[in-house]
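The values are calculated or read from the model by the stated rules, or taken from the named source; none is laboratory data. What you are looking at is a predicted structure, and each value in this text was computed from that prediction instead of being measured. In this analysis, Cβ positions are derived from the backbone assuming ideal geometry, glycine residues included, and neighbour counts consider all displayed protein chains. The area values use the complete protein model at the heavy-atom level, side chains included, leaving out ligands, DNA and RNA. Shrake-Rupley method; radii C 1.70, N 1.55, O 1.52, S 1.80 Å.
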Amino acid sequence: MQDYRQYKPTDFISDDSFRAWVLENSEGDTAFWEQWMLLNPDKRADVLESKGILLSIYKAFENVNDTEVAFELEKLNERLDESEAQNKVVRWPWNKIFYAAASILLILGLFWLNQRREASQQIENNIALAQGSALKWVTKENTTDNQMTVNLEDGSTIVLQKNSKILYPEKFEKEQRKVILIGEAFFEVAKNPSRPFYVFANKLVTKVLGTSFLIQANEADKTVKVVVKTGKVSVFENTVSNLGEHTTNKKLQGLVLTPNQQVVFDETDKRMIRSLVDSPNLLKVPIQNQVFDFNNVPIAEVFKTLEKAYGINIVYDAEVMKNCYLTASLDDEPLFEKLNLICKTIDAKYEQVDAQIVIYSNGCY
């Protein structure tokens, strides 16, 4: 339990519970601080003063960008170093927004405020873009240490991870299905090509017709990751124009992902990087039962077998490698280990480019 009686204004402002009360009007925190002031009437003035300072900082910070905050932080560091060298105590006038920070911790608190504000605004934007006019929305949050399963009315299932939240309508619209994710979840979407399923996660939208995939979109992160297990999904940046384009066409458009592929969307520079997952799995098709036992097999057939088994694309020069044959048993090795062994055997190299495997070889003689 914090000893709030020893707190100074900067301590109050840096306290999570205090900020939740002042900035978010949290019911539990509000009740706590109101009771605390009743029990500690001599500290009431300090609490109210700190509240006023925090509200002033937050209001002014609405028009301050991260570059300005970083600049002021650097200046504050210099002043603190200077005052320490001179063994002086610097008292900052509270009516100056950045000089209101009597410590570096307070300035860092401004970054926290900005991140919370941006995350909150993005959630509001997602709701505004996603929700239908007459839909009643439900919110489920996983506050346990275990996974939480959420069943939707269309037969889809969501496995919600710890500290994650899903928002969805009790009944979907006739033409499309939309949900909002905050955190991490695995989706098993009921197949319905005429009724696309959309997942809004931070600044990325994932569109599917019926498949299974994982999305990681934590509030504090500046990236969103989508990993496809089965089927196909398309992903696009969450903007009004993109949403209008993708919702008027029921087909998958934009950047399309297939099994064993993933994409990481960087919200800072708006980049989408597609790649293979770290450990590609065999697809759930009859080919997965095939024994990867090759006896003097043309390399083209070897690559074709791997493509079908893992759902990947292997790019190579068939003419250059027409004399390459493989004799090897690769049953138990993961995909990338299989590729390492193949390339070592035929004196070739490979690299991953945009979720494809590109083979480099001078041929076999």
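For this structure, a couple of remarks:
- Only residues that are free of Cβ contacts under 8 Å to residues at least 60 places away in the same chain and open to solvent by 50 Å² or more (accessible area, probe 1.4 Å) were counted in region 353-365, giving 5.
- Residue selected from region 157-189 under the condition assigned to a loop (DSSP other than H, G, I, E, B) and farther than 26 Å from residue 240 by Cα, by the criterion least open to solvent (accessible area, probe 1.4 Å): 161
- The set of residues from region 256-270 being open to solvent by 40 Å² or more (accessible area, probe 1.4 Å) and more than 17 Å from the chain's Cα centre (by Cα) comprises just one member, 256.
- Counting only residues that are crowded, with 17+ Cβ neighbours inside 10 Å and over 13 Å from residue 51 (Cα atoms), region 8-32 holds 1 of them.
- Among the residues making up region 190-209, those that are small (Gly, Ala, Ser) and surrounded by fewer than 19 Cβ atoms within 10 Å (Cβ to Cβ) are 190, 194.
- Qualifying residues in region 205-222 (those that are more than 25 Å from residue 310 (Cβ to Cβ) and assigned to a strand (DSSP E or B)) - the one modelled with the lowest pLDDT: 217
- Single residue of region 213-255 satisfying the filter (more than 21 Å from residue 193 (Cβ to Cβ) and charged (D, E, K, R)) that is farthest from the chain's Cα centre (by Cα): 237
- Residues of region 304-352 that turn out to be open to solvent by 50 Å² or more (accessible area, probe 1.4 Å), farther than 26 Å from residue 284 by Cα and among the small types (Gly, Ala, Ser), as a count: 1
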